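Take a look at the structure set out below.
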Amino acid sequence: ILNNVFSTGKPFIANEFPVKLINKNTDKLDLHYYTSVIQPMKDEKGNIERLLTHGVEVTQQVEARKQIEEANKQLRTAATVTENIADAVVGTDMDYKTISWNKGAENLYGYSSEEVMGNYAMALLCTQFLSEEDKQAWSKALDATGKWQGEVVQSKKDGTLVSVLVSIAYVYDEKGKPIAAFAVNRDITDRKNAEEKIKESEAKFRTLSETIPHMIWTAAPDGKKNFYNKYFFEYTGLSFEELKDDGMLKIIFPEDIKKDLELWHHSLKTGENFIMEKRLRHHDGTYRWHLSHAIAQKDMQGNIIGWIGSSTEIEEQKMKEKQKDEFIAIAGHEMKTPLTIAKTYLHLLEMQLDEGAGEIKLFAKKANDSVEKLNQLIGELVDVSKIQEGKINYNLAPFNFNKLLDETMENMQIGAKNHHLKKSGNISHEVTGDKDRLQQVLINLLTNAIKYSPNANEVLVNVEEKENMIQVAVKDFGIGMNKQHLEKIFERYYRIQEHTMNFQGLGIGLYISYNIIIRHGGTMWAESDIGRGSTFYFTIPT
């Protein structure tokens, strides 16, 4: 059926389509009926890009009609049966005078049975908004088959218009002559309004997607692409047929494909947002950097009903970052030599000054400390450059992680005048890793915890083993941060805007720490609340 609609473009309409469903109470198959419509949806070029399906259960209408047909001459008995049906059930004789009007009809239209019995209410309700052509089709169908079903607009007592799915069937006498007609009317106003909103939403989305200079696409719940905007075609020079399904892999830089597929499959499995910087091929053959996002669209029950994605070109930004990295690398290396010389002379000066030098020796010490801090800062800048170039060397060897953590906290405690560093937990295994680099991570997290909790008096450190991994948590009770920053704080040079005035830094410490942990086969993340502090976690294999 689906293939036929795709190939011919003709909608599929099934009235009273029988479906057997398991009754959850009896575990037996019950017969249900549905009116189903499969409508082809076309793009601006007239190509069928997807199908819109809709089904309405009409079991009650079908069962009601069968009951009426079986009753035949017992019209009053049939009217009594319809009282138990929630939908509006209206019966008329062959002159269209009302002979039956159930509670459902009263609730839907607002008329009592006393107001409509014996008059032409049904005919008016069902035909006043139909065209003459539709009325003739209705009459022909009833005369030919004894039944008709369709959607009509009707008016309630208060003048409100409602959309109604109407199922009409004749009741015959023993000679096969129709003696009455019964209609089961279901209010589908909410469904029709929802369909209109969907159409309006789709129209707005298409209009917006065609006017912005970004590559926009949509996909089905399983990830198969079903729409690309005009700019996507212009940028890639490819058609929809070339891009659909896995066609996007054609334009992704080969070295980025593996990561793209891993992240995309993770998003499809979990429903989490997809985000990645990757290089996409322009129609001229060059590759340009883009920031790609994809967000799952979900229904009221949380089920994924589709994906909306975008790719924004960031080539200029990436080039500026590259230039910045190159400058930092050169400047860092150039400053290393004079700083080392200055540090050596200051150290010699301190050694030559005796205790009686007093203030002069203190000044020399402060100068030496400042040079050391500057040296550490330059070391971090050089690390950033090395990370970008993939040139950081790691000296991996077994070591006692408990001892490293204790020594680091002990050294940090000396400089933490207003904070007490508390440790909990222990590790029973040795760890294989770069001891100095992992200490660098610990120092960074402890330094941040102290810096961003100026009004607190303690920092908590917990270490434990979890599923062949060591997990370390550094918790402070400081200013905290909005959750919107949690995914970005490990990016290079990222700084929270509201913190820049009161807290100095370059936004590279966490970036370096994150990359060190990733290179050790671990993960790093953070949890935080404004005014309640932050907890930074990292894991490494045992």
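The values are calculated or read from the model by the stated rules, or taken from the named source; none is laboratory data. This is a predicted model, so every value here is computed, not measured. Positions of Cβ are generated from backbone atoms using ideal geometry, with glycine treated the same way; all protein chains shown enter the neighbour counts. Just so you know, the surface numbers come from the protein's heavy atoms only, side chains and all, with ligands and any DNA or RNA stripped out. Shrake-Rupley method; radii C 1.70, N 1.55, O 1.52, S 1.80 Å.
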Students often check this: by mean Cβ neighbours within 10 Å, which of 170-179, 296-305, 260-269 ranks highest, and how do the rest follow? 260-269, 170-179, 296-305
Taking amide H atoms as placed 1.01 Å from N in the peptide plane, list the residues 5 or more away in sequence, or in a different chain, whose amide H sits under 5 Å from that of residue 226. 218, 219, 220
Give the ranking of 392, 450 by solvent-accessible surface, highest area first, calculated with a 1.4 Å probe. 450, 392
Packing-based order for 412-419, 514-521, 2-9, using average beta carbon neighbours within 10 Å, highest first: 514-521, 412-419, 2-9
For the pairs 42/135; 259/483; 422/475, flag any whose C-alpha to C-alpha distance is greater than 19 Å. 42/135; 259/483
Count charges around residue 261 for me, please; just the other residues with Cβ under 13 Å from its Cβ, Lys/Arg as +1, Asp/Glu as -1. -1
If one computes the Cα centroid of the range 514-542 and of the range 148-182, what distance in Å separates the two points? 66
Rounded to one decimal in nm, the spacing of the 7 Å Cα→Cβ label points at residue 423 and residue 397 is 2.0
Please compute the length gained on full extension between residue 258 and residue 95, using 0.36 nm multiplied by the number of residues separating them and subtracting their Cα-Cα distance. 51.4 nm
Reachable lysines from residue 28, Cα under 29 Å, same-chain residues fewer than 8 places away excluded? 20, 66
Between residue 135 and residue 487, what FRET efficiency follows from the Cβ-Cβ distance if R0 is 60 Å, with the result rounded to 0.05? 0.50
With 25 Å as the limit, write out which pairs from 197/269; 225/298; 250/318; 258/435 have Cα-Cα distances beyond it, or answer none. 197/269; 258/435
